[in-house]
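The values are calculated or read from the model by the stated rules, or taken from the named source; none is laboratory data. Bear in mind that the values here come from a model prediction, so they are computed numbers and not experimental data. Please note: Cβ atoms are built from the backbone with ideal geometry, for glycine as well, and neighbour counts cover all protein chains shown.
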Amino acid sequence: MTGDARKSYSLGELAERFGGTVVGDAATRIRQVAPLETAGPEELSFLANRKYEKLLASTHARAVILGEEAREATVLPRIVCKNPYAYYARVAALVNPEIVPEPGIHPHSVVHRGAHVAPSAAVGAGAVIEEGARIGDGAVIGANCFVGRDARIGNGTRMYANATVYQGCVIGDRALIHSGAVIGADGFGMAMDEGRWLKIPQIGRVVVGDDVEVGANTAIDRGALDDTVIENGVKLDNQIQIGHNCHIGAHTAIAGCVGIAGSTRIGSYCQLGGSAMILGHLTIADHVVISAGTLVSKSIARPGTYTSVFPMSRHDDWRRNASLIRHLHEMMDRIRKLEGEIKRIKGK
Amino acid sequence: MTGDARKSYSLGELAERFGGTVVGDAATRIRQVAPLETAGPEELSFLANRKYEKLLASTHARAVILGEEAREATVLPRIVCKNPYAYYARVAALVNPEIVPEPGIHPHSVVHRGAHVAPSAAVGAGAVIEEGARIGDGAVIGANCFVGRDARIGNGTRMYANATVYQGCVIGDRALIHSGAVIGADGFGMAMDEGRWLKIPQIGRVVVGDDVEVGANTAIDRGALDDTVIENGVKLDNQIQIGHNCHIGAHTAIAGCVGIAGSTRIGSYCQLGGSAMILGHLTIADHVVISAGTLVSKSIARPGTYTSVFPMSRHDDWRRNASLIRHLHEMMDRIRKLEGEIKRIKGK
Amino acid sequence: MTGDARKSYSLGELAERFGGTVVGDAATRIRQVAPLETAGPEELSFLANRKYEKLLASTHARAVILGEEAREATVLPRIVCKNPYAYYARVAALVNPEIVPEPGIHPHSVVHRGAHVAPSAAVGAGAVIEEGARIGDGAVIGANCFVGRDARIGNGTRMYANATVYQGCVIGDRALIHSGAVIGADGFGMAMDEGRWLKIPQIGRVVVGDDVEVGANTAIDRGALDDTVIENGVKLDNQIQIGHNCHIGAHTAIAGCVGIAGSTRIGSYCQLGGSAMILGHLTIADHVVISAGTLVSKSIARPGTYTSVFPMSRHDDWRRNASLIRHLHEMMDRIRKLEGEIKRIKGK
């Protein structure tokens, strides 16, 4: 952990900012947040899941955040609230303020004179910003980033080092774009013509809403004709691939290594598990949960959890059972034949 | 979409350039291409699949591209041709010319004096080109790209911002290399020696043919001893991993998130679906199609489509059926036992 | 292959450096290593697996490295040793020394005056090193790399072009970090709060041990509260995603495209096959092998090989059998019913 000489806050001050009820000494001061197991005497911990309640007895935390139902589960000074995990997130952000560079354009960056950078924005060393691009108030463009011609980066948005936004793409406000992310590369579109692939120009853009997070090395392709759209509040983990003309609904969260093929429409408040693969031209309803590793080959019209994973076992057991997969049809035939025999025997 | 004041073309002009027959007013002018559903009065649309033929009745497109068999499916001015999708690709490229930077070496790039950059090539801000590297005629090296020692970038090839080509690698003509792509990193080779992994030097190169596209954040490793080879016309989507000493045959297309382990040989005109994984040291014939999410663990000698995906269902149904996978052997045993019993009963 | 005018070594010289016994003329000189099939008259080859023994008869190699058990399998000059593959790795490294840039800070890099770069380290063009960062003896920071505030790069560690290390992260000695790798981006942590995701600050670091290799475009996220830890000797291929607070045990090797979700603990000397996905909060024992494409959803307490892959077949066969997966329960019910019938028939 970084930053040791940080400011302290009393439980009373926290409750004033974030709500909740203090039980015990409201003057109790904390400097950091930590898990119950490792928290020390200046640290605030939290209980978000009652199955960890027994850890309250042994924690060295100075104070804890609890849900209403666990109000009396400890004698430690505590803040009682509706959503302890969200409360912890808010306190964590307060005691660990992000270090943001000073506004200004680094002398070793290359900003085209036809680009517009807000005076309150910061452009890092080696960043390249092309003609017509617009960088919003308080935005931070990290070292060696690239922002293409006519692209727009919203207010308060942060691009970390080595991130790339192609020409014409639009990023909303308060987005976080991590290193290695690539927004707006060409979609994978081509026509087979007499034995050769002919490239189809990708003339759409990527349009990203507000409060979106894009993980390290995630790629979002620009649209072929229309735009690829990422709505407000979408959270993308690392190593994700989003094909051209996809539309990701608001507040959907997608875990690492997921691939989404072109023109697929994912609803709002969906959750896609790691390494899932969603085929192209599908429509997934709101509030759908896709399990990790699942291959989605059909549209999904109703909320719920969907899965397509071969269960894991020791390799020898796997081999024994996997080999029978190829004989399922034969097994079914033998069952049918047996049923016929029984019928005949009983008929006698 | 970008670029609004674009040039217009008459159907007659298009037919002169690209062939096909104009039916209706050859003086009809269009400025852009668009799908049937969203096309407007200055736009040319296309019908590549007869299942969308009913959209012809309602489209606002000014004109359409059709196959011979659909010649009379509309009264709109039209171009009739053999391959409407390829025709559309050509028109799309004509009306949306790529904006290419002016030739020249940006003053904020770092080109070694022992490198050779063609006078007609463009090197962007922050690009670094090492000793002995050669950049071909009309090539474009994007901002903050890296081209290592003795690497060669072919004529008309374009590297987008933040792409990397390691030392000694060779890229053919007219290639497109998207941001975050890494060509020529070390293959994953090591020998276990008394409890430690010993690195095996990766002294081969990556050799990429002509007309190849490499998607964003795709990685192609250099060979261990011999080269990794990507033949002409191969199209690679984003987030792909190609291991050392692979050989990818001409005009093969590989979708996003595919992994190909070392020393595997993929034929020509293959298509690999998203998130497929091909194990190492295999040989895949020409014209093989691998379904998305498929794990290929054996060589494939004959063309065709191959699949290995557990079918998706609602999680509860999945759990019920997946749990039985572990009992397939037992099911088979019980079927065999039943067959024995029936035989005995009938024998009586 | 690069570098043609390389130094030659006699078998006697090699045996003096690396051990083993020379059989035949110890003055035999070689310049390069190569596979048995392609080796030429100045090249040393090796036999690591007796199934390739027949290649010894036809090889044009000048000499070979063999295990004790194959001592008499050829008449060529040879080095007999315990581990021919490891021996070959050592010779390959000797005859192909890595070209390392001259020490010094490139005038086109941006090193904060509050950073510390060892005089023997090399910092490439366009690299950006922030305040408080420390670059160790003999380290090489490639072109356009980024090293964040207070990060530490160990002695002899090499970052290739366009790699990124976020603030506060620690990389050990003799590590290799390939292009596009991102170490220390935020973990994927958030709390749902009244319909919106609230970001949880990621205040841990990534701590990487000695002799670690990180492949191209691999991402390792920083911890939420505690650190993400990669122990000594871990080898990571390309396109891997390691979530926050994971702990990867010493000498574990992970193939390309693997995803490991947050807070999972992988033992030492494990091997994870390509495209495997390990869910979060699991514990995997030492010496576990995970097959390519396997989804691990439970902790694994015992060494061994584990697999979860649907077997591949031609698509039509796959469809026929896959469709029956959804009827496994029904099959089991029909088997049970048959067993009941038989019992009744026999009871009569």
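Rundown of residues vs (1) touching a Ser or Thr at 6+ places or on another chain (Cβ under 8 Å); (2) under 24 Å from A:Pro101 (Cβ atoms); (3) of a type in the set (Lys, Arg); (4) buried (at least 24 other Cβ atoms within 10 Å of the Cβ), yes/no style:
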position	(1), (2), (3), (4)
C:Ala127	yes, yes, no, yes
C:Glu131	no, yes, no, no
C:Ala139	yes, no, no, yes
C:Arg158	no, no, yes, no
C:Val165	no, yes, no, yes
C:Arg174	yes, no, yes, no
C:Asp193	no, no, no, no
C:Lys199	no, yes, yes, no
### Task
Determine whether C:Gly267 is touching a residue at least 60 places away in the same chain (Cβ under 8 Å), more than 12 Å from the chain's Cα centre (by Cα), assigned by TED's automatic domain parsing to the domain that holds C:Gly204 and more than 23 Å from B:Asp186 (Cα to Cα).
no
### Message
Let me spell it out: the conditions are (1) at the interface with another protein chain (Cβ under 7 Å from one of its Cβ atoms); (2) surrounded by fewer than 20 Cβ atoms within 10 Å (Cβ to Cβ); (3) over 30 Å from C:Gly172 (Cβ atoms); (4) of a type outside the set (Gly, Ala, Ser), and C:Leu295 meets all of them except one. Which number is the exception?
### Response
(2)
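Could we say that C:Asp150 is in a loop (DSSP other than H, G, I, E, B) and on the phi < 0 side of the Ramachandran plot here?
Working: in a loop (DSSP other than H, G, I, E, B): yes; on the phi < 0 side of the Ramachandran plot: no.
No.
Considering only region B:18-56, how many residues are among the charged types (D, E, K, R) and more than 16 Å from B:Glu69 (Cα to Cα)?
Result for region B:18-56: 6.
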### Query
What is the number of the single condition among (1) under 28 Å from C:Gly215 (Cβ atoms); (2) outside any loop (DSSP other than H, G, I, E, B) that B:Met331 does not meet?
(1)
### Query
Which one of these does B:Ala15 not meet: (1) small (Gly, Ala, Ser); (2) touching a residue at least 60 places away in the same chain (Cβ under 8 Å); (3) in contact with a helix residue (DSSP H, G or I) (Cβ under 9 Å, 6 or more places away or on another chain)?
(3)
### Task
Would you mind finding the one in B:Ala322, B:Ala285 that is aliphatic (A, V, I, L, M) and modelled with pLDDT under 95?
B:Ala322
### Task
Name the residue, out of A:Gly184, A:Gly262, A:Gly195, that is closer than 18 Å to B:Lys235 by Cα and touching a residue at least 40 places away in the same chain (Cβ under 8 Å).
A:Gly262
### Message
Scan region C:48-55 and tell me whether some residue there is away from every other protein chain (no Cβ under 12 Å) and touching a helix residue (DSSP H, G or I) at 6+ places or on another chain (Cβ under 8 Å).
### Response
yes
### Task
Take region A:22-51 and flag every residue that is surrounded by 14 or more Cβ atoms within 10 Å (Cβ to Cβ) and hydroxyl-bearing (Ser, Thr, Tyr).
A:Thr28, A:Ser45
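Could you list all residues from region C:59-89 that are in contact (Cβ under 8 Å) with a residue 12 or more places away in the chain and farther than 23 Å from C:Glu16 by Cβ?
Within region C:59-89, the first condition is being in contact (Cβ under 8 Å) with a residue 12 or more places away in the chain, and the residues that meet it are C:59-71, C:73-85, C:87-88.
If the condition is that a residue be in contact (Cβ under 8 Å) with a residue 12 or more places away in the chain and farther than 23 Å from C:Glu16 by Cβ, then C:Thr59, C:His60, C:Glu69, C:Ala73, C:Val75 are the ones that fit.
Regarding B:Val140, is this residue closer than 30 Å to A:Gly126 by Cα and touching a residue at least 40 places away in the same chain (Cβ under 8 Å)?
Working: closer than 30 Å to A:Gly126 by Cα: yes; touching a residue at least 40 places away in the same chain (Cβ under 8 Å): yes.
When the stated conditions are applied, B:Val140 passes them.
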